[in-house]
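The values are calculated or read from the model by the stated rules, or taken from the named source; none is laboratory data. This one's a predicted model, so the numbers in the text were calculated from it and none came from an experiment. All Cβ positions, glycine included, derive from the backbone under ideal geometry; neighbour counts span all protein chains shown.
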Number of protein chains: 2
Amino acid sequence: MKFLMCVPNISEGKDLTLIDKIADAVKKTEKIKLLEASSDRDHNRSVFGYLGEPAPVLEATKRLTEIALEGIDMSRHKGDHPRMGAVDVVPFIPIRNISGEEALQVAYEFGDYLGGKGVPVYFYEDAASVTERKNLAEIRKGQYEALAEKLKEEVWKPDRGPALFNPKAGATAVGVRFPLIAFNVNLNTKNMEIADKIARSVRNLSGGYRYVRAIGVNLTELGQVQVSMNLTNYNKTPIHRVVETIRSEAARYGVTLASSEFVGPVPLNALEELVHFYLQAHDFNVNQIIETNLLD
Amino acid sequence: MKFLMCVPNISEGKDLTLIDKIADAVKKTEKIKLLEASSDRDHNRSVFGYLGEPAPVLEATKRLTEIALEGIDMSRHKGDHPRMGAVDVVPFIPIRNISGEEALQVAYEFGDYLGGKGVPVYFYEDAASVTERKNLAEIRKGQYEALAEKLKEEVWKPDRGPALFNPKAGATAVGVRFPLIAFNVNLNTKNMEIADKIARSVRNLSGGYRYVRAIGVNLTELGQVQVSMNLTNYNKTPIHRVVETIRSEAARYGVTLASSEFVGPVPLNALEELVHFYLQAHDFNVNQIIETNLLD
């Protein structure tokens, strides 16, 4: 079977009745597995993650969208997180037996649907129509408040839907992207300078690995510091390489690794390269795992 | 969902019509996934591995048994591999969301069924009624040819079925066991003495880890030697510990590891401890893997 994940972010983090209604609509979609539903009051934002074959995922995303567009009024939205729409970002993420092309088809079909509802849609990352729209932060620059003006510019003509400001719905970014892994490494030191230096050594922004975003975090209660990361492409920048670089950079300060943790869901395929590297099992394939036979 | 695996060994490795008929019967059992079907002419023996919920697995095993008992005549069987029955060994292996107790129930029910067909049944490993029957090799000692005499002894009274020699079917060992991992490590040397020494250092028989069986193997074409292993309990003797011991023992001869390989299916849970050890991700749980959500 083909498995696609979708992780929409919507601009409502306080109204639990509405949030529950959305989670419920997703959960009740046939052949859909809801993996996460989390809300942040300060961000005034919720994230839903769900998994299934392409058609049910599209269906669940439409149901979520319908309720969110009806229940959220962006002209009254306040929250700490950057946002531009009631349904703010909709990333489709290929998980298993599904090509990027197939995921793109779903993203485009969802874009058509949303555009048809009068919402300006920008395709981002792998779905972007032009390089300038690859980066979500670029698209969302100026946020909801800038939309009315941006939509008048040719360069911000939406990929789907009308080039007209929709005060209630705002605009939506729809994309296809690689699964992201949230991964943290804790160091046996209280010295934040070391965490910051190591974060800089592995992150793309300051000369590190291309698909790593990283910051140093103080774990005061534990008496440790942390290198907190997003690994945005585990194929091109694999987990083990980042860990071993952190280990080697920490060693120069006489610091050892205390532990590491995955925050949230991890794609099975990300473990393949770990087995290759640490066991030197060069030909190991996740399809050798007994349980994967049940996913086909 | 609960997942049970069954890996029956039957005493026919040449008659492809019969072997195909058995594989087909298993494959056509509803909700059963056939993982492997392999035959060895010299052993005159075939192995079928399949996976599913307990009830379908029991059903598939009955179908396999019916065809094997009809088509195989042990009084005319010759082959290099030790054997005592047409359906020689039937191990049930808990894979996911299933307790040892539940697997035992299936083994007992299958024992009842087989006993009811007039076949003496011995329960082995976790299903053994007495310590002396835990070890399959002990039960099978003397093979088919010894059965007529053994069945007269009180100590070899079967756990199910008549204490009477069944010339056509022989006897069957039915058990519940932990998933076994066939795992090989290749060394960058042609020196077989080193492979033998390292195999002895890790295997239970000669003072090594309790759940490791190992031999040295010459890989003449590769110009390497191999430590070829069965890991019989990856929880109690985890893969990484065996690999790191081999690495450290090889180093004393100035020898490095060239590669390793898993032969055949690997249980997902066996990878959990690898992630714990190599990434120091102490709390990692296979349920964090996105795809496992589809197995529940």
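For the range A:53-102, the candidate set comprises residues that are among the β-branched types (Val, Ile, Thr) and at pLDDT below 95; within that set, the residue that is nearest to the chain's Cα centre (by Cα) is A:Ile95.
Without any contact (Cβ under 8 Å) to a residue 40 or more places away in the chain and among the β-branched types (Val, Ile, Thr) - does that describe any residue in the range B:8-18? Looking through the range B:8-18, at least one residue is without any contact (Cβ under 8 Å) to a residue 40 or more places away in the chain and among the β-branched types (Val, Ile, Thr). Residue check: A:Tyr209 meets all listed conditions (1) under 20 Å from the mean Cα position of the chain (by Cα); (2) outside any loop (DSSP other than H, G, I, E, B); (3) more than 30 Å from B:Met5 (Cα to Cα) but one, namely (2). Number of residues in the range A:236-266 that are modelled with pLDDT under 95 and of a type outside the set (A, V, I, L, M, F, W, C) equals 2.
Based on what the data block shows, is A:Val185 within 13 Å of another protein chain (Cβ to nearest Cβ) and of a type in the set (Val, Ile, Thr)? Taking the combined requirement at face value, the residue satisfies it. I'd like to know if the range B:162-173 contains one or more residues that are among the aliphatic types (A, V, I, L, M), under 25 Å from B:Gly264 (Cβ atoms) and buried (at least 16 other Cβ atoms within 10 Å of the Cβ). Looking through the range B:162-173, at least one residue is among the aliphatic types (A, V, I, L, M), under 25 Å from B:Gly264 (Cβ atoms) and buried (at least 16 other Cβ atoms within 10 Å of the Cβ). Looking only at residues of the range A:26-74 that are of a type in the set (S, T, N, Q), surrounded by 18 or more Cβ atoms within 10 Å (Cβ to Cβ) and free of Cβ contacts under 8 Å to residues at least 40 places away in the same chain, we find that the one that is farthest from A:Pro265 (Cα to Cα) is A:Asn44. Residues in the range A:235-274 that are among the charged types (D, E, K, R) and not in a helix (DSSP H, G or I) were compared, and the one that is nearest to A:Arg203 (Cα to Cα) is A:Lys236. Scanning the range B:270-291 for residues that are without any contact (Cβ under 8 Å) to a residue 40 or more places away in the chain and within 21 Å of B:Gly49 (Cα to Cα) turns up just one, B:Leu271.
Within this structure, B:Ile246 fails the test of being in contact with a Phe, Trp or Tyr (Cβ under 8 Å, 6 or more places away or on another chain) and either of a type outside the set (S, T, N, Q) or without any contact (Cβ under 8 Å) to a residue 12 or more places away in the chain (or both). Return yes or no: is A:Glu193 outside the structural domain of A:Ser228 (by TED's automatic domain parsing), in a helix (DSSP H, G or I) and of a type in the set (Asp, Glu)? No; evaluated as a whole, the condition is false for this residue.
With the structure loaded, tell me whether B:Leu136 is aliphatic (A, V, I, L, M) and more than 30 Å from B:Leu268 (Cβ to Cβ) or whether it fails that test. The answer is no for B:Leu136. Give the range B:120-175 a look and list any residue that's aliphatic (A, V, I, L, M), assigned to a helix (DSSP H, G or I) and within 28 Å of B:Leu4 (Cα to Cα), or say none. Listed by number, the residues that qualify are B:Leu136, B:Ala137, B:Ile139. Any residue in the range A:197-208 that is within 14 Å of chain B (Cβ to nearest Cβ) and buried (at least 17 other Cβ atoms within 10 Å of the Cβ)? There is no residue in the range A:197-208 that is within 14 Å of chain B (Cβ to nearest Cβ) and buried (at least 17 other Cβ atoms within 10 Å of the Cβ).
Being in contact (Cβ under 8 Å) with a residue 60 or more places away in the chain, under 30 Å from A:His282 (Cα atoms) and touching a strand residue (DSSP E or B) at 6+ places or on another chain (Cβ under 7 Å) is a condition met by at least one residue of the range B:192-200. Against the condition closer than 28 Å to B:Glu53 by Cα and of a type outside the set (Ser, Thr, Tyr), how does B:Gly142 come out, does it pass? Considered against the rule, which asks whether it is closer than 28 Å to B:Glu53 by Cα and of a type outside the set (Ser, Thr, Tyr), B:Gly142 comes out as no. Where strands (runs of 3 or more DSSP E) fall wholly inside the range B:19-119, the ranges with 1 or more residues that are under 30 Å from B:Asn293 (Cβ atoms) and of a type in the set (Phe, Trp, Tyr) are B:45-52, B:87-96. Is it true that B:Ala199 is within 30 Å of A:Val185 (Cβ to Cβ) and outside any strand (DSSP E or B)? Considered against the rule, which asks whether it is within 30 Å of A:Val185 (Cβ to Cβ) and outside any strand (DSSP E or B), B:Ala199 comes out as no.
Here the range A:239-296 is the region considered, the condition is being surrounded by fewer than 17 Cβ atoms within 10 Å (Cβ to Cβ) and at positive phi, and the residue that is farthest from the other protein chains (Cβ to nearest Cβ) is A:Gly254.
Hey, does the range A:212-234 have a residue that's at the interface with chain B (Cβ under 9 Å from one of its Cβ atoms), within 25 Å of B:Thr292 (Cα to Cα), outside any helix (DSSP H, G or I) and at pLDDT 95 or above? Within the range A:212-234, none of the residues are at the interface with chain B (Cβ under 9 Å from one of its Cβ atoms), within 25 Å of B:Thr292 (Cα to Cα), outside any helix (DSSP H, G or I) and at pLDDT 95 or above.
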